[in-house]
Structure formats: structure tokens, C-alpha cells
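Everything below concerns the one structure shown next.
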Amino acid sequence: MTNKKVVEIFFDVVSPYSRFAFETLCRYRPHWDMELRLRPFFLGGVMQGSGNKPPATNASKAAYLMTDLQRCADYFGLELRQPQNFWDVMVTKGTIKTQRFITAVDLKHPQFTEQLSKEMWKRIWEQDIDATEPASLKEAAQKAGMSEAVIDDALSAMNSAEVKDTLRAVTQEALDLGCFGAPFIVAHVNGKKEAFFGADRFPILAMVIGETWKGPLPGKSSRL
Amino acid sequence: MTNKKVVEIFFDVVSPYSRFAFETLCRYRPHWDMELRLRPFFLGGVMQGSGNKPPATNASKAAYLMTDLQRCADYFGLELRQPQNFWDVMVTKGTIKTQRFITAVDLKHPQFTEQLSKEMWKRIWEQAAQKAGMSEAVIDDALSAMNSAEVKDTLRAVTQEALDLGCFGAPFIVAHVNGKKEAFFGADRFPILAMVIGETWKGPLPGKSSRL
């Protein structure tokens with residue numbers, strides 16, 4: 001049990017907006033009296049369960065996204081390079097394997113979840129390289145500081161019933177809270193769960209949990 | 001021609017997020033070196049032209065909207081009471097007449113566009129025009145003009161202008177930056193708009209509250 005304010009972020013590394021939100025919340029650990037819980041889930045399952053469709057399936061939204069993502073990346077102080085074949089990344093391959101691997105790590109070695117997830121976002125959204133095959137997962141895990149033993153353990157566990165069930169359950173948990181996309185941030189306030197969709201509700205999240213929003217780069221830039 | 005930074009807001013009073021963005025930009029007139037242009041358009045036409053659907057047509061989004069709108073209203077310092085029959089307001093009635101009326105006013109008496117739109121958001125239809133300070137003569141003029149070809153064509157043209165800029169919803173803010181038009185969807189891109197036009201974002205209530 002914790003006395004700190006619990007803030008959970010449900011995320012899938014296929015989602016660049018999830019990256020903005022994830023990185024920002026991690027930056028706020030020293031600034032907010034918050035216990036941050038990282039909840040890897042499966043965005044494909046959220047779409048199915050909520051009847052929603054990714055914004056990129058609308059041509060005007062897809063075009064707008066290209067510009068919005070670049071500006072947001074600048075704003076959040078992150079690099080971003082659009083995948084050459086976005087449809088391939090998002091639909092053909094998808095991130096079920098990636099999210100299972102992250103879940104496997106999170107179950108047994110949660111101290112690596114944050115860095116591993118960040119490495120996966122870099123692969124997809126900066127380097128435009130694969131993040132689904134075992135060799136790719138291994139490379140990202142190595143960069144996250146995981147030992148060979150821990151990596152092999154996660155690679156064999158990722159297809160187990162336990163990991164698949166966990167990923168399914170976390171996804172369902174988000175759906176039950178009304179989720180229809182990613183990122184999905186849930187703040188526990190006075191025994192109630194307040195849900196926030198997107199990476200653009202930070203000032204309102206701060207207002208609701210009684211903290212101060214200091215912009216996307218707290219302590220580094222006063223720009224809001 | 002102006003030396004100030006031109007910022008346009010395309011809006012329809014059926015959209016509560018448009019209200020948040022509209023009120024905020026009006027508040028920023030003394031704070032930003034900006035020429036604010038109010039562009040009434042027709043969101044129904046935008047949906048048709050872009051193949052998008054209002055978020056409320058998805059059950060999960062509709063439920064989320066109820067909460068998000070209340071929190072945003074608090075954040076932006078505005079009152080908000082959900083229409084009892086939201087579908088009725090948005091779909092059955094729609095706002096084609098409202099937006100035509102605002103367009104008619106904007107064509108002949110643009111000094112009233114801001115207050116009239118704000119009144120429409122406060123209370124659809126009824127005494128909105130009187131509350132905006134328009135005289136009986138001006139009101140009658142706009143009421144008869146609203147169904148003219150000129151007004152209908154203008155509303156259609158402004159809506160198409162937004163569509164041509166890639167619009168798929170409201171509010172839609174367009175900033176002119178170095179001869180280029182930068183478009184922003186929604187009422188949640190103000191810090192990024194400020195970054196792009198080289199101004200400082202001071203939160204939704206500049207000069208009244210330092211809360212960001």
C-alpha cells in the first residue's frame with residue numbers, strides 16, 4: 001500500500017503518443033508525490049474491444065498526424081522519425097509479440113520495464129527498425145541493461161499462458177475503465193479512478209491530483 | 001495586411017471543445033502579438049467532407065466525453081451543462097441554421113461575431129442575439145439574410161476552406177507562420193501553438209490565474 005498518489009499508464013509501444021506520455025510521467029517522478037505504475041497492454045485488443053479504429057484509418061487524420069507528431073516530438077524533447085511503412089508496423093506486424101515480451105519482463109523483472117519500453121519506442125519511432133522478432137527483442141533488452149539469463153527467461157516466457165493471460169487481463173482492465181485508445185492514464189483520487197486519454201491532458205491531470213504542471217521538461221526548461 | 005501573427009479559428013457552436021479554444025484565444029488577444037480571425041463553419045459539412053464521425057458515435061468515447069468535458073470546463077474556467085438530449089442537439093436539430101445566422105452577422109456586422117457566438121454557446125438559439133447587444137434592426141437583417149444564397153455560399157466556402165487545409169473536426173486553428181499555414185485540431189494544443197508562433201503559453205486564464 002502506498003500513501004503516494006497512484007498514477008497508472010496503460011501503454012503500447014506502437015503508439016507514439018504513448019511514448020510522449022510515458023516519458024513525461026517518468027520525468028515527473030521527482031516532481032510529483034506520485035507512485036507511477038507502468039501497465040503494458042495491447043492496443044489492438046483495445047480497438048477490438050471498444051469498436052474504435054486507429055486515427056490513421058481516416059485519410060485526413062493520417063495526414064494531420066504526420067505534422068502533429070513532429071510538433072509534439074519537438075515539444076516533448078524527443079526524436080521522432082515516421083516509419084517508412086507505418087501500415088506494416090501497425091497492422092501487418094502489429095506489436096502483440098513486443099507487448100508480450102514487455103509483459104514477460106514486467107512479471108518477473110519489473111525493474112527493467114521502463115528502460116525496455118523506452119528502447120522499443122526508439123526502435124519503432126526513431127530508428128524505424130523491427131521490434132517484434134526475437135533478435136530485435138534481445139537487442140532492445142541488452143540496451144536496457146538486462147543480462148543474457150534474464151533475456152532468455154523472458155523470451156521463453158513470452159508465449160506462456162501466464163504472459164498471454166496477463167496481457168489480455170491488463171487490456172481488459174483498461175477496457176473496463178472505458179479505454180478506447182492509447183495512452184490511457186488512470187489516477188486514483190479519493191478512492192476513485194479518473195481516466196485520461198492521450199498525451200495532452202497533463203495540466204488537467206495535475207489539477208485533478210493536486211500537483212503543479214511545469215511543462216514537458218520539468219527542471220530542464222521552463223517552457224510550458 | 002497585418003504585421004501581427006494571424007491566427008484563425010474555424011468553429012461551430014455545436015462543439016464544446018470549440019468553445020474552450022475560442023474563449024481561450026479571445027483571452028490571449030492582449031497577451032500575444034496576434035490578429036485573431038473568427039471563422040464560423042459547419043462541422044456537419046466537415047464530417048461529410050472528411051469521412052470522419054463525431055466521437056460521440058462510439059460508446060466508449062461518448063462516456064469518456066461526459067467526464068472530459070466537465071474537467072475541461074473547470075480547467076478553462078467556463079460553465080458547462082450537458083444538453084439533456086445531446087443527440088437531439090447535435091444530429092436531429094444540428095446547427096446549420098445557427099451557423100448561417102452567425103455567418104450572416106459576420107458578413108455585415110463582424111463586430112458582433114465574437115459575442116454572438118459566445119451567447120450561442122451559452123444558450124442555443126433563443127435570446128442569444130439580444131444578449132450579444134445587437135439592435136432589433138441588426139437582428140432582423142441577419143434573420144432575413146441567413147437563408148440567402150450569399151450566406152449559404154459563404155458558410156459552404158469557409159467549410160471547404162477548412163477541409164482543404166486537412167480539417168476533420170472542430171475546433172480547427174490555423175496559424176500563419178513564415179508564409180505557411182500550420183493547422184491545429186482541438187483545444188489541447190495551446191502550448192504547442194505558442195511554441196510554433198513564438199509566444200508564451202500562460203495557461204487558460206492568463207492574467208487571472210497562474211495555473212497552467
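The values are calculated or read from the model by the stated rules, or taken from the named source; none is laboratory data. What you see is a predicted model, and the numbers here were worked out from it, not measured in a lab. Neighbour counts are summed over all protein chains in view; Cβ atoms, including those assigned to glycine, are modelled from backbone coordinates with ideal geometry. Ligands, DNA and RNA are stripped out before the accessible areas are found, and what is left, the full protein with its side chains, is counted by its heavy atoms. Shrake-Rupley method; radii C 1.70, N 1.55, O 1.52, S 1.80 Å.
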Pair list, Cβ < 8 Å and 6+ apart or interchain, from segment A:97-109 residues that are within 13 Å of residue A:42 (Cα to Cα) to residues that are of a type in the set (Ser, Thr, Tyr) and surrounded by 24 or more Cβ atoms within 10 Å (Cβ to Cβ): A:102/A:117
Qualifying residues in segment B:186-199 (those that are more than 8 Å from every other protein chain (Cβ to nearest Cβ) and assigned to a loop (DSSP other than H, G, I, E, B)) - the one least open to solvent (accessible area, probe 1.4 Å): B:187
Any hit, segment B:162-181, residues being within 21 Å of residue B:90 (Cα to Cα) and out of contact with any helix residue (DSSP H, G or I) (no Cβ under 9 Å at 6 or more places or on another chain): no
Residue tally, condition within 8 Å of chain B (Cβ to nearest Cβ), under 21 Å from the mean Cα position of the chain (by Cα) and over 15 Å from residue A:30 (Cα atoms), over segment A:202-221: 2
Members of segment B:1-37 that are surrounded by fewer than 18 Cβ atoms within 10 Å (Cβ to Cβ) and out of contact with any Lys or Arg (no Cβ under 9 Å at 6 or more places or on another chain): B:1, B:2, B:3, B:4, B:5, B:29, B:30, B:37
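Residue by residue, here is whether (1) surrounded by fewer than 17 Cβ atoms within 10 Å (Cβ to Cβ); (2) within 14 Å of chain B (Cβ to nearest Cβ); (3) in contact with a His (Cβ under 9 Å, 6 or more places away or on another chain) holds:
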| position | (1), (2), (3) |
| --- | --- |
| A:62 | yes, yes, no |
| A:68 | no, yes, no |
| A:123 | no, no, no |
| A:143 | yes, no, no |
| A:153 | yes, no, yes |
Residue match in segment A:74-83 (condition: within 14 Å of chain B (Cβ to nearest Cβ) and either at positive phi or open to solvent by 70 Å² or more (accessible area, probe 1.4 Å) (or both)): yes
Test: residue in segment A:38-46 that is free of Cβ contacts under 8 Å to residues at least 60 places away in the same chain and either basic (Lys, Arg) or surrounded by fewer than 18 Cβ atoms within 10 Å (Cβ to Cβ) (or both): no
Residue list for segment B:176-187, restricted to those being under 15 Å from the mean Cα position of the chain (by Cα) and in contact (Cβ under 8 Å) with a residue 60 or more places away in the chain: B:186, B:187
Pair list, Cβ < 8 Å and 6+ apart or interchain, from segment B:143-155 residues that are under 14 Å from residue B:105 (Cβ atoms) to residues that are basic (Lys, Arg) and open to solvent by 40 Å² or more (accessible area, probe 1.4 Å): B:145/B:108; B:146/B:97; B:146/B:100; B:147/B:100; B:151/B:100; B:155/B:100
Search result, residues across segment A:51-60 that are part of a helix (DSSP H, G or I) and more than 10 Å from chain B (Cβ to nearest Cβ): A:56
Check on residue B:73, under 20 Å from residue A:202 (Cα atoms), of a type in the set (A, V, I, L, M) and at pLDDT 95 or above: no
